[in-house]
1. Take the residues of the range 193-223 that are assigned to a helix (DSSP H, G or I) and free of Cβ contacts under 8 Å to residues at least 12 places away in the same chain: which is surrounded by the most Cβ atoms within 10 Å (Cβ to Cβ)?
2. Restricted to the range 239-263, and to residues that are charged (D, E, K, R) and assigned to a loop (DSSP other than H, G, I, E, B), which residue is farthest from MET80 (Cα to Cα)?
3. In the range 306-347, how many residues are of a type in the set (Phe, Trp, Tyr), more than 15 Å from SER133 (Cα to Cα) and crowded, with 17+ Cβ neighbours inside 10 Å?
4. May I ask you to verify whether SER182 is touching a Pro at 6+ places or on another chain (Cβ under 7 Å) and either outside the structural domain of GLU17 (by TED's automatic domain parsing) or surrounded by fewer than 20 Cβ atoms within 10 Å (Cβ to Cβ) (or both)?
5. I need the strands (runs of 3 or more DSSP E) fully contained in the range 1-69, keeping only those with at least 2 residues that are touching a Ser or Thr at 6+ places or on another chain (Cβ under 6 Å) and over 20 Å from THR335 (Cα atoms).
6. With within 21 Å of the chain's Cα centre (by Cα) and free of Cβ contacts under 8 Å to residues at least 12 places away in the same chain as the only criterion, which of ARG284, ARG269, ARG296 stands out?
7. Pick from the range 282-303 the residues that are out of contact with any Ser or Thr (no Cβ under 9 Å at 6 or more places or on another chain) and small (Gly, Ala, Ser): which of them is surrounded by the most Cβ atoms within 10 Å (Cβ to Cβ)?
8. Taking the condition of being over 22 Å from ALA56 (Cα atoms) and either at pLDDT below 95 or touching a helix residue (DSSP H, G or I) at 6+ places or on another chain (Cβ under 8 Å) (or both), how many residues in the range 108-129 meet it?
Amino acid sequence: MNRTSWKIKEFRVSNLELSEGGSLRDARLVYHQIGTLNAPKDNLVLLPTYYGGAAAGNYPLLDGNSPLDPERYCIVIPAMLGAGESSSPSNTRGDQGGAGFPRLTLYDNIALQKRLVDDVFGGASLALVAGWSMGGMQALQWAAAWPDRVRAVVASCCTAECSPHNWLFLEGVKAALKADPSFQEGRYNRPPEAGLRAFARVYAGWAYSQAFFRNSGYKALGFESVEALLQFWEQDHLAQDANDLLSVLDAWQRGSVGRFPGNRHNLPRALSRITMPARLLPCRTDLYFTVEDAGREAALMPGARLDVIESDWGHIAGGPGRNPAVMVQMFRAMTEVLSESGQGTFG
């Protein structure tokens, strides 16, 4: 895929009303687009982003044998609010910048994405919504909130709700970051580097499985030792803003597909609305988005089928472009749901 073919655009809303009260002023949604919307407006594909990832991190979902052909589909990657590209603590001025950035939910993200689809893409229907981790959570939220607008879903290494243990894991990495005295409750003048390094080291132990480390899986990624892998994680997190990380983490901890207007946080009722073809791809060794949790939720989605990823890579297995064998499985799932939803040729 020629990366220069992607167009980076921005969609603005002067005042985004938030689902839990308050508003985000001058809300900016950065999105990457490739391909063109067709006349029936039925070839739009949405690929929401994941925790800690920029929009370009989803480009590999179009590589290799992906069924997402830009000659056939109009593909849009909306960058998550709070993550550094769209409106975030790090790029918002005034009293809503930094530690003053408002609390957001996953629903707030997809509500802004729906405004984009309605205003820029003429109310198009979504041929597919797909994502990994928090991207998958957003895909499921889309399907539950507006089932009449979504025709197929693929969600990997995620669940429809942040489980209590998942919440606790996130609470641990958050505490490691905030323990740095220079964090100053988010009002830091310089990056809290010690906190960011601690955050990265704690997180890395959760991102992969026990078997990954026992079998030296890190060597397949080009690292000679666990320490070398940890140093890579540190450098990656030093390049990110602490308030951005915590803003999105907060939305993750409170994440639930049941959170949308009129549903009153009723998760089973929300999941029962996912009647379109859907694939949930949990990884057998994921330490926080477990197969058991995904399986219980899939049983409540009439259109869903569980397609377990058998890999030692843990949560990272489902990351776009990370593991070639898993990408084959991901592309197969996309192909299947597109076919099952009756999406043949487009006008």
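The values are calculated or read from the model by the stated rules, or taken from the named source; none is laboratory data. Only a predicted model underlies this, so the values are computations on that prediction, with no experimental measurement involved. FYI the Cβ positions are ideal-geometry reconstructions off the backbone, even for glycines, and counts take in every protein chain you see.
1. TYR218
2. Taking the range 239-263 as the starting set, the residues that turn out to be charged (D, E, K, R) are 241, 244, 250, 254, 259.
Filter once more, keeping what is assigned to a loop (DSSP other than H, G, I, E, B): 241, 254, 259.
Values: ASP241: 14, ARG254: 15, ARG259: 17 Å.
Among them, the one singled out is ARG259.
3. Looking only at the range 306-347, we keep the residues that are of a type in the set (Phe, Trp, Tyr), and these are 313, 331, 346.
Subset that is more than 15 Å from SER133 (Cα to Cα): 331, 346.
Those still in the list that are crowded, with 17+ Cβ neighbours inside 10 Å too: 331.
Residues flagged as of a type in the set (Phe, Trp, Tyr), more than 15 Å from SER133 (Cα to Cα) and crowded, with 17+ Cβ neighbours inside 10 Å within the range 306-347 amount to 1.
4. Working: touching a Pro at 6+ places or on another chain (Cβ under 7 Å): yes; either outside the structural domain of GLU17 (by TED's automatic domain parsing) or surrounded by fewer than 20 Cβ atoms within 10 Å (Cβ to Cβ) (or both): yes.
Yes, satisfied.
5. Details: elements: 7-17, 23-34, 44-46.
Here the list reads 7-17, 23-34.
6. Details: ARG284 fails: free of Cβ contacts under 8 Å to residues at least 12 places away in the same chain; ARG269 fails: within 21 Å of the chain's Cα centre (by Cα).
After ruling out the rest, the residue left standing is ARG296.
7. Among those residues, the one meeting the criterion is ALA298.
8. Looking only at the range 108-129, we keep the residues that are over 22 Å from ALA56 (Cα atoms), and these are 118-119, 122-125.
From what is left, the residues that are either at pLDDT below 95 or touching a helix residue (DSSP H, G or I) at 6+ places or on another chain (Cβ under 8 Å) (or both) are 123-124.
Looking only at that region, the number is 2.
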